[in-house]
Structures are given as structure tokens and as C-alpha cells.
Amino acid sequence: MIEKLQKRRSIRRYTEEAVPEEKLKTILRAGLLSPTSKNLHPWEFLVVRDKETLGKLTDCRDKGADMLKGAAAAVIVMADTEVNDVWIEDCSIAMSNMHLTAADQGVGSCWIQIRNRNSRKDGMTSEAFLKELFSLEEKYAVEAILSLGIPAQERPPLQLDERLWEKVHFETF
Ligand SMILES: Cc1cc2nc3c(=O)[nH]c(=O)nc-3n(C[C@H](O)[C@H](O)[C@H](O)COP(=O)(O)O)c2cc1C
């Protein structure tokens with residue numbers, strides 16, 4: 001497990017190749033297997049593979065989403081906020097599990113933050129931009145997007161910065 005965690009990196013450059021259907025399904029399965037508060041599954045995963053739509057999606061952020069232009073796919077992770085008030089945690093776990101599973105499948109991916117961020121369009125929030133693009137109902141909140149593609153870059157595995165142990169506290173703080 002630790003080896004897999006070290007191999008996971010944010011990959012922002014992709015080849016022109018499509019992500020094989022079976023690998024995409026495996027990544028989505030990881031999302032669907034994620035635990036949720038009260039087992040309520042408030043999330044929805046919107047998969048985009050259409051190149052024109054992926055191009056449009058880059059404008060959902062003022063910066064930090066340009067990799068979507070060259071991505072083979074994207075998974076928009078959102079939630080029905082009426083189902084549970086802790087949808088942010090539920091969505092984050094699903095994002096993390098899909099991000100890790102993508103790495104395990106040899107698929108590059110990157111977390112693109114949507115919640116609390118702004119788009120390139122007339123002072124619109126990133127979420128409002130996506131709600132307009134996909135005609136999403138008001139009750140849905142968008143947490144993040146996972147960009148996906150066959151890696152066109154290699155990144156070394158993470159090495160634990162031993163200084164981070166300062167963040168761990170036993171018994172007292
Ligand atoms: C909550 C969260 C939000 C992030 N948002 C973005 C983003 O909007 N755009 C981006 O390029 N990377 C984003 N990242 C990726 C981080 O920049 C990256 O994980 C961090 O720099 C460490 O690099 P690594 O993932 O290769 O270990 C985000 C990561 C997390 C966990």
C-alpha cells in the first residue's frame with residue numbers, strides 16, 4: 001500500500017491515446033467502492049470524453065485546469081447536497097480513491113479543485129460555470145474534477161519528508 005501511495009503523483013501531461021474502457025471502468029469502480037457517511041452515496045460522477053467538451057472545461061478555472069485540454073477524459077465529482085451535509089468528505093474520498101486507482105492502472109490523473117474556486121468566465125465561480133455547461137440542478141454541488149490520460153511525463157515516486165513527522169502528535173498537542 002505504501003509503495004502505491006508513493007507512486008501516485010499528479011500527472012498533467014498526456015499522450016493522444018484514449019484511456020482503455022476497462023481501465024476507466026476500474027477507476028470508476030474505485031469511486032463507487034468508496035465509503036460514504038451513513039452509507040448514503042450522495043455523489044454523482046459525470047464522465048467526459050468528448051474532446052470539444054474537455055476543451056471547454058479548461059475555462060472552469062482561472063488557472064489550474066489547463067491539462068483538461070490534452071486529457072483523454074475527465075470525471076466531474078459532484079453531490080446531491082440534500083442527501084447528506086458531509087458530501088465534501090464523501091466526494092473527497094471518492095476523488096482520492098479514483099486518483100490512486102488511476103496511478104495503479106498506469107493512467108495519469110490530476111485533482112482539479114472546483115469548490116471555492118473561480119472560472120475564467122465573467123467572475124463566475126467554477127461551480128456556476130459547470131452548472132451552466134451541464135444544466136445541473138441547484139441541489140448539486142461540484143467538488144472537483146479528475147483529469148485522466150495516458151502519461152506523457154514520468155514523475156519520481158514520492159519520498160517521505162521525514163520532517164513531516166512533526167505533524168504527528170501522540171497523547172498531547
Ligand atoms: C484538494 C486538492 C486540490 C488540488 N487542486 C489542483 C488544481 O486545481 N490544479 C492542479 O493542477 N493540481 C491540483 N492539485 C494537485 C496538487 O497540486 C498536488 O497533489 C501537489 O502539488 C503534490 O504533488 P503530487 O500530487 O505529484 O504528489 C490538488 C490536489 C488536492 C489534494
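For segment 150-173, the candidate set comprises residues that are loosely packed, with under 11 Cβ neighbours inside 10 Å and of a type in the set (Val, Ile, Thr); within that set, the residue that is nearest to the ligand (Cβ to nearest atom) is VAL168. Say we look at segment 103-143 and pick out the residues that are among the basic types (Lys, Arg) and open to solvent by 30 Å² or more (accessible area, probe 1.4 Å); which of these is farthest from THR58 (Cα to Cα)? Of everything passing the filter in segment 103-143, LYS139 is farthest from THR58 (Cα to Cα). Residue pairs whose Cβ atoms lie under 9 Å apart, sitting 6 or more positions apart in sequence or on different chains, and linking a residue in segment 63-75 that is open to solvent by 10 Å² or more (accessible area, probe 1.4 Å) and within 10 Å of the ligand (Cβ to nearest atom) to a partner that is modelled with pLDDT of 95 or more and among the hydrophobic types (A, V, I, L, M, F, W, C), are GLY64/ILE112; MET67/ILE11; MET67/CYS110; MET67/ILE112. One residue is enough: does segment 94-102 have a residue meeting the conditions open to solvent by 20 Å² or more (accessible area, probe 1.4 Å), modelled with pLDDT of 95 or more and part of a loop (DSSP other than H, G, I, E, B)? Within segment 94-102, none of the residues are open to solvent by 20 Å² or more (accessible area, probe 1.4 Å), modelled with pLDDT of 95 or more and part of a loop (DSSP other than H, G, I, E, B). Is it the case, given these coordinates, that MET78 is touching an Asp or Glu at 6+ places or on another chain (Cβ under 9 Å), touching a residue at least 12 places away in the same chain (Cβ under 8 Å), closer than 24 Å to ARG9 by Cα and outside any helix (DSSP H, G or I)? Yes: the conditions hold for MET78. In segment 38-57, the condition of being charged (D, E, K, R) and either within 14 Å of the ligand (Cβ to nearest atom) or within 12 Å of the chain's Cα centre (by Cα) (or both) is met by no residue. Entry remark, segment 81-91: residues being assigned to a helix (DSSP H, G or I) and surrounded by fewer than 18 Cβ atoms within 10 Å (Cβ to Cβ) number 2 in total.
Entry remark, segment 76-130: residues being more than 13 Å from the ligand (Cβ to nearest atom) and of a type in the set (Ser, Thr, Tyr) number 3 in total. Residues that are touching a Ser or Thr at 6+ places or on another chain (Cβ under 9 Å), farther than 20 Å from LEU54 by Cβ and not in a strand (DSSP E or B) within segment 139-162 comprise LYS139, ARG155, listed in sequence order.
The values are calculated or read from the model by the stated rules, or taken from the named source; none is laboratory data. Keep in mind it's a predicted model, so treat the numbers as computed, not measured. Counting neighbours? That spans all protein chains shown, and the Cβs are built from the backbone with ideal geometry, glycine included. Areas reflect the complete protein model, heavy atoms only, side chains present, ligands, DNA and RNA absent. Shrake-Rupley method; radii C 1.70, N 1.55, O 1.52, S 1.80 Å.
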